[in-house]
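The values are calculated or read from the model by the stated rules, or taken from the named source; none is laboratory data. Just so we're clear, the structure is a prediction, and the values are computed from it rather than from any experiment. All Cβ positions, glycine included, derive from the backbone under ideal geometry; neighbour counts span all protein chains shown.
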Amino acid sequence: MRSTDHGCTLLRSRDVNREAVAISAKIKRRREEGRRKAQKFGEVEKPSGQERHDQEWLKCQDHEKDAYPEPPRQTPAPDKQTALPNPALILSKLFYYSVDLPVTTFREAVDSIRGRNKFVYYHQKFRRVPYLTECQEGDYVCYYEAEMQWRRDYKVDQEIVKVVQERMRACQQREGSSYLQNCAEEMKQFNDVTKNYQSRYGDLGAYASARKCLMKQKERMAAQAETA
């Protein structure tokens, strides 16, 4: 399995989902109350409808929870003004039971079988080579290595922009109408990343290369020197 040395690490927040913790505590309290009632009246303990709903909600939130936990929502949940069911909730439930649940069940079954024989993956790390400006004249091997290094950096920067954009969109979807206040940090980070990306790789065309990027930087520096 091959991968490039990204040069910078993008880690997601490790904050615990407060809503999931609160619901887990609520389920435990209801179970304790149910056990006490069952012992008092000699009845068999059965989970309530709300408890079953909370358990299903926790299952839905369990996707890659340890690796990429979802940040807590800062915008209060809106009050329901109508008795009609929410179409978005119905569609999400339909997608969960028709697509997500079967696929997740199959994956868990496969992972349980593969868990007996764990495989070790090694990621290839590329040593940094001299840039194009550091190569001697006529050293075509150095030209080639600098070109390949520039292409790897180009792909890494594209992935960084995608990750930052996904974070901003997830925050906007999570916060709703209050995203301007609660997602200001994500939006500022996205604007800074896209500005830096555009200043380095913008207007290079379909056949971008390390030499074209170097010429673009030289022209920009010359224009800045003239205006200064």
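Overview of results
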{"quantity": "Within region 111-138, tally of residues that are in a helix (DSSP H, G or I) and surrounded by 10 or more Cβ atoms within 10 Å (Cβ to Cβ)", "calculated": "4"}
{"quantity": "Residue check for Lys155: basic (Lys, Arg), closer than 30 Å to Glu70 by Cβ and free of Cβ contacts under 8 Å to residues at least 60 places away in the same chain", "calculated": "no"}
{"quantity": "In region 64-112, the residues that are at pLDDT 80 or above, of a type in the set (Asp, Glu) and under 30 Å from Leu180 (Cα atoms)", "calculated": "none"}
{"quantity": "Qualifying residue in region 181-204 (condition: closer than 21 Å to Pro69 by Cα, at pLDDT 90 or above, part of a helix (DSSP H, G or I) and acidic (Asp, Glu))", "calculated": "yes"}
{"quantity": "Residue check, Cys213 surrounded by 15 or more Cβ atoms within 10 Å (Cβ to Cβ), closer than 30 Å to Ala88 by Cα and not basic (Lys, Arg)", "calculated": "no"}
{"quantity": "Sole exception among (1) in a helix (DSSP H, G or I); (2) farther than 30 Å from Ala210 by Cβ for Tyr154, by number", "calculated": "(2)"}
{"quantity": "Filter pass, Leu101 being part of a helix (DSSP H, G or I), in contact with a helix residue (DSSP H, G or I) (Cβ under 9 Å, 6 or more places away or on another chain) and farther than 30 Å from Gln217 by Cα", "calculated": "yes"}
{"quantity": "Inter-residue pairs, beta-carbon under 8 Å, first at negative phi and in region 203-222, second basic (Lys, Arg), 6+ apart", "calculated": "Leu204/Lys212; Leu204/Lys216; Ala210/Arg151; Cys213/Arg200; Gln217/Arg200"}
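For (1) touching a residue at least 24 places away in the same chain (Cβ under 8 Å); (2) surrounded by 12 or more Cβ atoms within 10 Å (Cβ to Cβ); (3) more than 20 Å from the chain's Cα centre (by Cα), each residue gets a yes or a no:
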site: Met168; (1), (2), (3): no, yes, no
site: Arg174; (1), (2), (3): yes, yes, no
site: Ser178; (1), (2), (3): yes, yes, yes
site: Gln181; (1), (2), (3): no, no, yes
site: Glu185; (1), (2), (3): no, no, no
site: Gln189; (1), (2), (3): yes, yes, no
site: Asp192; (1), (2), (3): no, no, no
site: Lys195; (1), (2), (3): no, no, yes
site: Gln198; (1), (2), (3): no, no, yes
